[in-house]
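Data block below; observations after.
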Amino acid sequence: MKKIGIFYGSTTGATLSVAEEIAKQLGVSPADVHDVASAAPSSVGDYDVLVIGASTWGAGDLQEDMATFLDGVSSLDLEGKEVAIFGCGDDSMSDTFCNSVGEIYHRLHGTKAMFIAPFNNDGYDYSHSESDVHGMIVGLCIDNVNHPDETPARIKAWVEEIKKEIA
Ligand SMILES: Cc1cc2nc3c(=O)[nH]c(=O)nc-3n(C[C@H](O)[C@H](O)[C@H](O)COP(=O)(O)O)c2cc1C
């Protein structure tokens, strides 16, 4: 069975709660759920599947702990690993909604990891997001500010996609 590690960067706890729910649904133990504020970049080497998520801050910036963590991860060789990306944002920030998802994708692009589990952003109302890479939303986007009621179904659908792809 593939070993799954979840890595999250969260400033006010929203991404943390999404990470915990993903862990529950994927059957990942709390010991394998890492706050990147205190995780070594090399710890990604312990896993076959990396589920990586962070929120968006400032004017579309990647959450700061994740930015620092990925400074260390982006130079690693992750060939053979599968990466699923998620993030939290606010679609009223219409030009930068969940940019973090795209930012994580771009920063890991040179690692040779394989990206899995794209997402469908139907139901959100925004004009631009870096999570959209050539027409594909490259990871789960969650908005607990404006659409909290839709979060459980979005997480569930995305986790099912991960399960299918890593089977
Ligand atoms: C000052 C500020 C700037 C923000 N900038 C963005 C943004 O550019 N794009 C976006 O989608 N969300 C933005 N957000 C919303 C946060 O990403 C959202 O509240 C998220 O749930 C926070 O997650 P966290 O608690 O895990 O850090 C911003 C929020 C604040 C307070």
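Charges were assigned to the Cβ only: +1 to each Lys and Arg, -1 to each Asp and Glu. The resulting dipole of segment 4-166 about its Cα centre is roughly 400 debye.
With every protein chain kept in the model, how would you rank Arg154, Arg107 by accessible area, 1.4 Å probe, largest at the top?
Arg107, Arg154
Judged by the ratio a/c of the largest to the smallest principal axis of the C-alpha gyration tensor, segment 4-166 counts as rounded, that ratio being less than 1.5.
Per residue, segment 1-52 exposes 45 Å² of solvent-accessible protein surface, assessed with a 1.4 angstrom probe and all protein chains in place.
Quick note on segment 1-81: its Rg to Rh ratio, both from C-alpha atoms and Rh being the Kirkwood radius, is 0.96. Atom-type composition of the exposed protein surface of the chain places 51 percent of the accessible area on carbon and sulfur (1.4 angstrom probe). Per-residue packing, averaged as other Cβ atoms within 10 Å, sorts the ranges 80-86, 39-45, 100-106 into the order 100-106, 80-86, 39-45, beginning with the highest. Length gained on full extension, Asp46 to Glu20, computed as 0.36 nm times the residue gap minus the Cα-Cα distance: 7.4 nm.
For Ala153 and Ser94, the FRET efficiency from 1/(1 + (r/R0)^6), where r spans their Cβ atoms and R0 equals 30 Å, is about 0.85. Segment 95-114 to segment 133-167: how many Å between their Cα centroids? For segment 95-114 versus segment 133-167, the Cα centre distance is 15 Å. What the phi angles of segment 43-52 give under the Karplus curve with 6.51, -1.76 and 1.60, with θ = phi - 60°, is a coupling list of 5, 5, x, 6, 10, 8, 10, 10, 10, 10 Hz, glycine and proline written as x.
The values are calculated or read from the model by the stated rules, or taken from the named source; none is laboratory data. Nothing here was measured: the structure is a model prediction, and the numbers come from that model. When we count neighbours, we look across all protein chains shown, and the Cβ atoms used for this are built from the backbone with ideal geometry, even at glycine. Surface areas here come from the heavy atoms of the whole protein model, side chains and all, with no ligands, DNA or RNA. Shrake-Rupley method; radii C 1.70, N 1.55, O 1.52, S 1.80 Å.
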